[in-house]
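What follows draws every value from the coordinates through simple rules; no lab data is involved. Because the structure is predicted, anything quoted here is derived from the model rather than measured. As a convention, Cβ positions derive from the backbone with ideal geometry for all residues, glycine included, and neighbour counts pool all protein chains shown.
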Amino acid sequence: MSRGGRGLEDATGDSPGLEDESEAGTGRGGRRRRGAETLMVPEAEFTSYYGRQVIHTPAWKVPDVPAYLYLGGMAGAAAVMGAAGDATGNDHLRRAGRFTAFGGSMLSLGFLIHDLGRPSRFLNMLRVFKVTSPLSMGTWILSPFATFAGAAAVAELRGVLLPVLERVAGARVAGLAAAVAPAVGRASGIGAGVFGPALSTYTAVLIADTAVPSWHAAYPELPFIFAGSGMASAGGIAMITSPVAEAGPARRMAVIGAGLELAATQRMEHRVGLVAEPFQKGRPGLLLKLAQGAMGAGALGALVAARLGRRGRAVSVVAGVLLNTGAALTRFGVYDAGVESAKDPKYTVIPQRERLDAKRAAAAEAAASAAEAGA
Amino acid sequence: MTQAPHRPASGPGLSPDGHVADPAAATGYGEDHPPRMGFFTDTSVCIGCKACEVACKEWNAVPATGDLDMSGWSLDNTAMLGASSWRHVAFVEQVEPARPPVSLGMPGMRPADDDGAGPLATQPPGDDSAQGPSGSIEGVRWLMSSDVCKHCTNAACLDVCPTGALFRTEYGTVVVQDDVCNGCGYCVPACPYGVIGKRESDGQAHKCTLCYDRISNDMEPACAKACPTDSIQFGPLDELRERADARLATLQERGESRAQLYGRDPGDGVGGDGAFFLLLDEPEVYGLPPDPIVTTRDLPSMWRHAGAAALTMFAVIGVAFSGRRS
């Protein structure tokens, strides 16, 4: 019996019945039947068990996990921006960076805990430090990050908090707090900035370290996509909250970040072959196209705002919103693409079948040449 | 060849060529730990009775999945392994070129117009039904296989678990501790075989334990105990591998050209399976991945790429802030 070869008949067949099903059962070239849809390109031939998926679909919740990816990426880059703003005396960017880092990390933590099947056992992840588990490493990146980001944000709020403290704890305590707050804020801001890039990029490892074909295959580029996207969104927040005249570094960071995301995505889609399909087709394909459009438009807006100077405030705000829309859509698109690649057995079976056939051919060749050498 | 690079090149439980030969020893169990135990599922004698599925559910108190999910027109209503399906019998029907009938030594039937004087017909009536649409004589063969957790030598589920709920037992098997699992669900997409699942009712991950409770008390797992044809065989993995090699040789001699052992090779992408199979066709026919690789094999490279991306972020933001403020 020949392998494959029934894909086209299966795809055009329209009478359900025992024969169709048993054919799918033997699975020769059997994809899920596709109604009367006309195929312009012959389906890749592969065998499956009634067209069923081989691996499980990720059990994570949507929007929790894609939102976690987006917020973590933004918060991580924002923390570096805040520390850099502090170092260069740019108050607007320092403030935007610190608040965004803290807010993003708190929301991240919320989504992460909400996604657990047993949220009350979140602390179980703090009893283990395990380098083979990206989620364990992520716990140990997010926890100190959120702590530092929190301290930096509190220091940022001293104008509001110190009068309250004075009333509650007295003038001496408040005076002491006022004296140490700037130093604590700076140190914490640097602490968050050190963990920030790790927070932005570890989530790429988190999803790539699975059997999900499109995520795993994309592992070399995914951290760059997430890093670029994170910088674009953090820069975008600062573009929304800061005057154009102060936001130059944020704009440059956002534009380079957007470029990095677009370039890394291009490279990945060209490199990974068949499993690039879920990034290009269907719902995830649409989400990613919209993401790239928003990202490109946002970056362009940043450049225009810089040109317009003080009159570019509105353009700057719109561009910041577009950059963040793009960054969020990127995460939802990437997440969806992984889910699609898990659901369709062809993305699991075909690359593995090709690899196995190549291995067998190489082994047979080695055996043949060994026999020849022996004779 | 495909040894996970993040594991030490030498150490307890490793064979000279660097494969993990004894995962329990590699995990840290002492020399007095029991031998690695496993399953050998010989699908050539599986009759698709599903006694294994029932025995597993009964013994382990695994709840019903709730949905009757028929696979095509087959007898498979389990569909896939998951949190509440720890054994899954696959049913595959294949149209095959007819083989010469094999006499089973059964009494034949007489044609209706036969006077009873002649010899018994050796061919059953209705042989025409085996005529294929093109006039060629075709036969049908059924493949049945009881799938289960593979208890991988390099187990992705165990590697990625952030709480330590998944652990390696002294028997070299992989088990979830219900009182530790926080339901993060990471193990679910990490498994290259689609075995472990998250149960809706308790939000936690569950899978086959290779009946850790039974084997700890010198009893074989429930599915193996219930299997009426010994398709599911339980024992020390070394013995099972020898038995499987002999059985494969026998079947190949008889002309089963596509017969193969699946998960038997310690050099494969997961370092060999603790539960391995004798299949009569390619793995994907049964819904198994043809060449699975433990995802964490690439993890060192993944961290390196993430590190490079993180440094890129530092550099970009540094450059962005080194320019003009406006």
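Sum up the charges of everything whose Cβ sits under 13 Å from the Cβ of A:G285, counting Lys and Arg as +1 and Asp and Glu as -1, but leave A:G285 out. If you can, show how the numbers build up before the last one.
On the way: positive: A:K281, A:R283, A:K289; negative: A:E269, A:E277, A:D336, A:E340.
It works out to a net charge of -1.
Is it possible to state the helix-based mean residue ellipticity at 222 nm for the protein assembly as shown, with each DSSP H run of 4+ residues giving -39500 (n - 2.57), the sum divided by total residues, to the nearest 500 deg cm²/dmol? What is it?
-16500 deg cm²/dmol
Note down the relative contact order for the stretch A:64-343 as a percent, whole number, built from C-alpha pairs under 8 angstrom at least six residues apart.
Relative CO of the stretch A:64-343 lands at 22 percent.
Would you mind ranking A:V275, B:V176, A:V160, A:V318 so that the residue whose beta carbon has the fewest other beta carbons within 10 Å leads the list?
Ranked by crowding around the Cβ, least crowded first: A:V160, A:V318, B:V176, A:V275.
Based on the alpha-carbon gyration tensor of the stretch A:64-343, what equivalent-ellipsoid semi-axes (square roots of 5 times the eigenvalues) come out, in whole Å, largest first?
Working: eigenvalues 219, 126, 35 Å².
One finds semi-axes of 33, 25, 13 Å for the stretch A:64-343.
May I ask you to list the lysines whose Cα is less than 17 Å away from that of B:K150, ignoring any residue fewer than eight positions away on the same chain?
Leaving aside lysines fewer than 8 places away in the same chain, those within reach of B:K150 are B:K207.
For every other residue with a beta carbon closer than 12 angstrom to the beta carbon of B:N60, add +1 if it is Lys or Arg and -1 if Asp or Glu, then tell me the sum. All intermediate terms of the calculation are to be shown ahead of the outcome.
Details: positive: B:K57, B:R87, B:K207, B:R214; negative: B:E53, B:E58, B:D178, B:D213.
Around B:N60, the charge tally is 0.
Work through the residues other than A:A208 whose Cβ is under 11 Å from its Cβ and net out their charges, Lys, Arg +1 and Asp, Glu -1.
On the way: positive: none; negative: A:D209, A:E221, B:D298.
Surrounding charge for A:A208 is -3.
In µm²/s, what is D for the protein assembly as shown at 25 °C and 0.890 mPa s, where D = kT/(6 pi eta Rh) by Stokes-Einstein and Rh is the Kirkwood radius from Cα pairs?
So the translational diffusion coefficient is about 87 µm²/s.
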